[in-house]
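What follows is a set of notes on a single structure, which appears directly below.
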Amino acid sequence: MNNQCINIAISGLGLTTSDDLKIRLRKILPTNIGINWTSVSDQNINCILINEQFFENNNIQNIIQNKNIPYLKISKHSEHKESAEDNLLCIPIYDEFTLKNWVNIKLLHKTEIEQSELSQISDDEADDQLEIKEIDFFAALFHHDSRKVILNDHLGTIAIIDHHAHLAWLEATREEYQTDRSIHYTAAVTADFIKVSRKRQFNLENWLFNLIWKNPNLITVPAADKYYRLKFWIQPNELDKKLLLQLSACFISGAEIQHVSDKLNIPVATVQHFVAANLAIHNAELISAKESRFDKTPSDTEQTEEKGILKSFFNKLKNRFKF
Amino acid sequence: MIIQKYKIVFAGSMGAGKTEAIKSLSEIPVLATEAFNTDDRSHKKLNTTVGIDYGEVTLDDGSKVGLYGTPGQGRFDFMWGVICKGAIGTILLIDHSLATPLDELEYYLNIFKQYGENIVIGVTHIDDDMNKPTHQYRQWLMERNLNLPVFFIDARKKSDVLLLLETLITTLEVKYL
């Protein structure tokens, strides 16, 4: 495992072909190698995918020769005389053999040489060496001078966000909620939008919450004896739906972290992480104990009987819909 | 009209997907009362519900939960109170692609809040208008100190409709247990 990111420029190709190549390359390259999708004007490109018709262009030839980087010509010839050795790939792609071969022979061979000059450290070790993020690191995203901000980590671009419009556009070939403590951000420029997919836009708060939630060692957490209240319900990811709905239902009324942990019988660290992720997206506020409304119903005999009936009914509903 | 002991109500603007949502959950063919839509200023859909959509699910003990879809047009509002009486909760669907979805939200919320406080809001047709921010719904609710769940869904997807239903149930469960 190593800590490497490749800057790949795609030039002269339509959006559909570009997206197809990006997705295939992401699947072929090892997951520990990050990809930054960029343009030929980038000074730090490591590789070019170029429409064959523009290959002889002086600018492209200068880049390839001066930087001595691997390239792949993309051809629309119907004869499909493609070859990894000749750096030629025909589209549409019927078989990934040539692309895989080219990645192994030309791209990975090249990067392996570069890797040998780098110290080899595992992702986990690298993550441990990096400082845990403060909640304010994420909260400050919403007050960044630039309304559009690009988030990166050691695997490359994660997303571009617009904190005015509350939107996020993701790097399409990555897992939606994958990152680690190497995450950082800066103002996005127009050229950065080549790195993300504009086909689908995400609600910023939903995406950022789930990004933090899915990475438990990413940020610091609040003390267990504190009370917090949510401002709105976050839309949960499918896998953690039940837990996130339960936690939201507790904290929307204002609740103490330890109390929720005890009541739902889940680890306090999980509840702390939930509140931390909500604080990071400005969706939780510290409240006093007396403002808390969670679990305040008095328990007398009549209510206990009623509770039993309700509990039985809820269980039947949950069984029926497999919640 | 079949009135079940346990009811879940689907309400909201015309074309928001109430009939589709009920179809995705119901274990019986939905009794739909659709007619040719003559109100094309409100929505361009060809057919619209003019009576009550009815679907149902059966629980392990044989008891039925009725799924009731209210007609989206305001002239049928006299039926809403009857349907909502004693309901487990209301799933309110709002079509994001409408010109003024917040006005629709306000209109339906003001009415259905009278019948019960367990309401979950599903905003549909998000991809049909990417220029309007989805955050506006949360902002609108926060400004009015309303902490109702609002989720962005596709009413044709069973998993999305189940998210709304699970939220209704979880809200009650956490509140009363």
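Structure above, values below:
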quantity: Residue check, B:THR100 of a type in the set (S, T, N, Q) and within 8 Å of chain A (Cβ to nearest Cβ); calculated: no
quantity: Residue match in the range A:292-302 (condition: modelled with pLDDT of 90 or more, part of a helix (DSSP H, G or I) and away from every other protein chain (no Cβ under 13 Å)); calculated: no
quantity: Test set (1) part of a helix (DSSP H, G or I); (2) under 30 Å from A:ARG198 (Cβ atoms); (3) of a type in the set (Val, Ile, Thr) - B:VAL82 fails condition number; calculated: (2)
quantity: Residues of the range B:103-155 that turn out to be touching a strand residue (DSSP E or B) at 6+ places or on another chain (Cβ under 9 Å) and charged (D, E, K, R), as a count; calculated: 6
quantity: Residue that is farthest from A:GLY156 (Cα to Cα) [pool: residues in the range A:13-30 that are in contact (Cβ under 8 Å) with a residue 24 or more places away in the chain and β-branched (Val, Ile, Thr)]; calculated: A:THR17
quantity: Test: residue in the range A:159-169 that is assigned by TED's automatic domain parsing to the domain that holds A:ARG198, in a loop (DSSP other than H, G, I, E, B) and closer than 18 Å to A:ASN36 by Cα; calculated: no
quantity: Filtered residues of the range A:202-230 (kept if under 14 Å from the mean Cα position of the chain (by Cα), among the charged types (D, E, K, R) and within 11 Å of chain B (Cβ to nearest Cβ)); calculated: A:GLU205
quantity: Pick from the range B:60-79, criterion assigned to a strand (DSSP E or B) and of a type in the set (A, V, I, L, M), ranking: modelled with the highest pLDDT; calculated: B:LEU67
quantity: Odd one out for B:MET14, checked against (1) surrounded by fewer than 22 Cβ atoms within 10 Å (Cβ to Cβ); (2) at pLDDT 85 or above; (3) more than 18 Å from B:ASN118 (Cβ to Cβ); calculated: (2)
quantity: Residue within the range B:55-78 that is surrounded by fewer than 22 Cβ atoms within 10 Å (Cβ to Cβ), under 12 Å from B:GLY12 (Cβ atoms) and among the hydrophobic types (A, V, I, L, M, F, W, C) present; calculated: no
quantity: B:THR171 vs. criteria out of contact with any Cys (no Cβ under 6 Å at 6 or more places or on another chain), within 21 Å of A:LYS199 (Cα to Cα), hydroxyl-bearing (Ser, Thr, Tyr) and within 7 Å of chain A (Cβ to nearest Cβ); calculated: no
quantity: Residue count for the range A:247-277, restricted to those that are assigned to a helix (DSSP H, G or I) and either within 13 Å of chain B (Cβ to nearest Cβ) or without any contact (Cβ under 8 Å) to a residue 24 or more places away in the chain (or both); calculated: 10
quantity: Selection within the range A:231-246 - part of a loop (DSSP other than H, G, I, E, B), surrounded by fewer than 21 Cβ atoms within 10 Å (Cβ to Cβ), under 22 Å from the mean Cα position of the chain (by Cα) and within 10 Å of another protein chain (Cβ to nearest Cβ); calculated: A:GLU238
quantity: Spans of strands (runs of 3 or more DSSP E) in the range A:27-99 with at least 2 residues of a type in the set (Ser, Thr, Tyr) and not assigned by TED's automatic domain parsing to the domain that holds A:GLU175; calculated: A:71-75
quantity: Every residue from the range B:123-141 that is within 8 Å of another protein chain (Cβ to nearest Cβ) and either touching a residue at least 40 places away in the same chain (Cβ under 8 Å) or buried (at least 17 other Cβ atoms within 10 Å of the Cβ) (or both); calculated: B:PRO133, B:THR134, B:HIS135, B:ARG138, B:LEU141
quantity: Selection within the range A:31-44 - crowded, with 21+ Cβ neighbours inside 10 Å and farther than 14 Å from A:LEU155 by Cβ; calculated: A:THR38
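The values are calculated or read from the model by the stated rules, or taken from the named source; none is laboratory data. From a predicted model like this one, the values you see are computed outputs, not experimental measurements. Here Cβ is always computed from backbone atoms with ideal geometry, including for glycine, and neighbour counts include all displayed protein chains.
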